[in-house]
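K.L.:
One structure, pasted below without further comment.
The values are calculated or read from the model by the stated rules, or taken from the named source; none is laboratory data. Because the structure is predicted, anything quoted here is derived from the model rather than measured. Please note: Cβ atoms are built from the backbone with ideal geometry, for glycine as well, and neighbour counts cover all protein chains shown.
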Amino acid sequence: MDNHTFTPAYLRLPPNILSDKVREAEEILKECTLCPRECRVDRTSGQSGFCRTGDKPFISSYGLHFGEEKPLVGRFGSGTIFMGNCNLGCLFCQNYSISHLGEGIEISFEKLAEIMLSLQQQGCHNINFVTPTHQMPMILRSLLIASEKGLNIPVVYNCGGYESLHAIEILYGIVDIYMPDFKYSDPAMAFKYSKAEDYPQSAMTAIKEMHRQVGDLVTDQRGIAMRGLLVRHLVLPEGIAGTAGVVKFLAEESSKNTYINIMDQYHPCFKAFDQPPLNRRITPQEYADAVQMAIDAGLKRIDGITV
């Protein structure tokens, strides 16, 4: 794909469709069902549910980021915006100061739009929203403003995988690159470590819809992602993440060409020190076994691995 002829999805929408989608998303906030927790609180009147977030953008930090997957980073970096708080409750969260401790500030929609435009001006290849799920309407409102002021690079929806199908359906025609985590395939593990027993089923339903919308990951002639699905899976000690189930689903229900990053960087954080075996890093063998599971399942595009 030639980057010079690529137009992001949100700029290809017919007139008024993006603004209609913004209003549809904002309506959800009045009885919030943005994620599978379905807290049903009115976030427009000061109430907050599990994610402890209102109806304005709440961000932790932003900047050019070079620690993401190579297709996102390219030469000039991914324009990463870390949204504050989270709709998951992972006891081992690697960004717990943001997700659990509420590190961040509330800003206006206009300010978030300005941040997107400033990142674009710095040369980044995409706008990468980290943990966007519980702030999707605020992101869309800000994206509408930014798109009217010249934003013209792909949007990355870098989420935890605990998504509402309705919310993902609203994003059809807006998001170019979906990058969900697929954290667990076992409901018992999802409940024990993230307070989300329905995580596996929710993630599978959402990932299937994401793939239906954008297909397999497509890159331009420089190898930079333009559109498609990229899945992350963090290997946890003693098979807690259920890697075999994750890769089997992706190969059979999504695509054998699904781009997957099997991540080896787990280290104990937050409350993991009191939760053996999460109180240790994974072993080289545990990581090698996880990669082999993906290969055995038939997955062809494993980040950093030649299959």
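K.L.:
Please find, within the stretch 74-92, the residue that is nearest to residue 225 (Cα to Cα) out of those that are among the hydrophobic types (A, V, I, L, M, F, W, C) and buried (at least 22 other Cβ atoms within 10 Å of the Cβ).
P.N.:
Selected residue: 81.
K.L.:
Looking at 109, 92, can you tell me which residue is aromatic (Phe, Trp, Tyr) and in contact (Cβ under 8 Å) with a residue 60 or more places away in the chain?
P.N.:
The conditions single out 92.
K.L.:
What is the residue count in the stretch 99-128 for residues that are in contact with a Phe, Trp or Tyr (Cβ under 6 Å, 6 or more places away or on another chain) and not in a loop (DSSP other than H, G, I, E, B)?
P.N.:
2
K.L.:
Could you go through the stretch 78-93 and let me know if any residue there is in contact with a Lys or Arg (Cβ under 6 Å, 6 or more places away or on another chain) and more than 25 Å from residue 144 (Cβ to Cβ).
P.N.:
Yes.
K.L.:
Next question. Regarding the stretch 8-16, can at least one residue be identified that is surrounded by fewer than 16 Cβ atoms within 10 Å (Cβ to Cβ), in contact with a strand residue (DSSP E or B) (Cβ under 6 Å, 6 or more places away or on another chain) and not in a helix (DSSP H, G or I)?
P.N.:
No: the stretch 8-16 contains no residue that is surrounded by fewer than 16 Cβ atoms within 10 Å (Cβ to Cβ), in contact with a strand residue (DSSP E or B) (Cβ under 6 Å, 6 or more places away or on another chain) and not in a helix (DSSP H, G or I).
K.L.:
Determine which member of the set 282, 295, 207 is farther than 22 Å from residue 95 by Cβ and of a type outside the set (S, T, N, Q).
P.N.:
295
K.L.:
Which one of the conditions (1) modelled with pLDDT of 95 or more; (2) buried (at least 22 other Cβ atoms within 10 Å of the Cβ) does residue 68 fail to meet, given that it meets all the rest?
P.N.:
Going through (1) modelled with pLDDT of 95 or more; (2) buried (at least 22 other Cβ atoms within 10 Å of the Cβ) one by one, residue 68 breaks only (1).
K.L.:
Identify the single condition in (1) assigned to a helix (DSSP H, G or I); (2) surrounded by 15 or more Cβ atoms within 10 Å (Cβ to Cβ) that residue 62 does not satisfy, given that it satisfies every other one.
P.N.:
It is condition (1) that residue 62 fails.
K.L.:
Condition (residue is under 18 Å from residue 52 (Cα atoms) and assigned to a loop (DSSP other than H, G, I, E, B)) applied to the stretch 135-151: is it met by at least one residue?
P.N.:
no
K.L.:
State whether the residues of the stretch 69-83 include one that is part of a loop (DSSP other than H, G, I, E, B), over 17 Å from the mean Cα position of the chain (by Cα) and over 19 Å from residue 127 (Cα atoms).
P.N.:
Among the residues of the stretch 69-83, not one is part of a loop (DSSP other than H, G, I, E, B), over 17 Å from the mean Cα position of the chain (by Cα) and over 19 Å from residue 127 (Cα atoms), which makes the answer no.
K.L.:
Taking the stretch 21-50 on its own, how many of its residues are among the acidic types (Asp, Glu), surrounded by 13 or more Cβ atoms within 10 Å (Cβ to Cβ) and assigned to a helix (DSSP H, G or I)?
P.N.:
3
K.L.:
Moving on to the next point. Looking only at the stretch 135-150, which residues are among the polar types (S, T, N, Q), buried (at least 24 other Cβ atoms within 10 Å of the Cβ) and in contact with a helix residue (DSSP H, G or I) (Cβ under 8 Å, 6 or more places away or on another chain)?
P.N.:
142
K.L.:
Kindly list the number of the only condition in (1) modelled with pLDDT of 95 or more; (2) out of contact with any Ser or Thr (no Cβ under 6 Å at 6 or more places or on another chain); (3) of a type in the set (Gly, Ala, Ser) that fails for residue 97.
P.N.:
The failed condition is (1).
K.L.:
If you check residue 58 against the conditions, is it touching a strand residue (DSSP E or B) at 6+ places or on another chain (Cβ under 7 Å), under 30 Å from residue 149 (Cα atoms) and of a type in the set (Phe, Trp, Tyr)?
P.N.:
Yes, satisfied.
K.L.:
With the requirement that a residue be out of contact with any Pro (no Cβ under 9 Å at 6 or more places or on another chain) and among the basic types (Lys, Arg), what does the stretch 271-298 give you?
P.N.:
Scanning the stretch 271-298 gives a single hit, 271.
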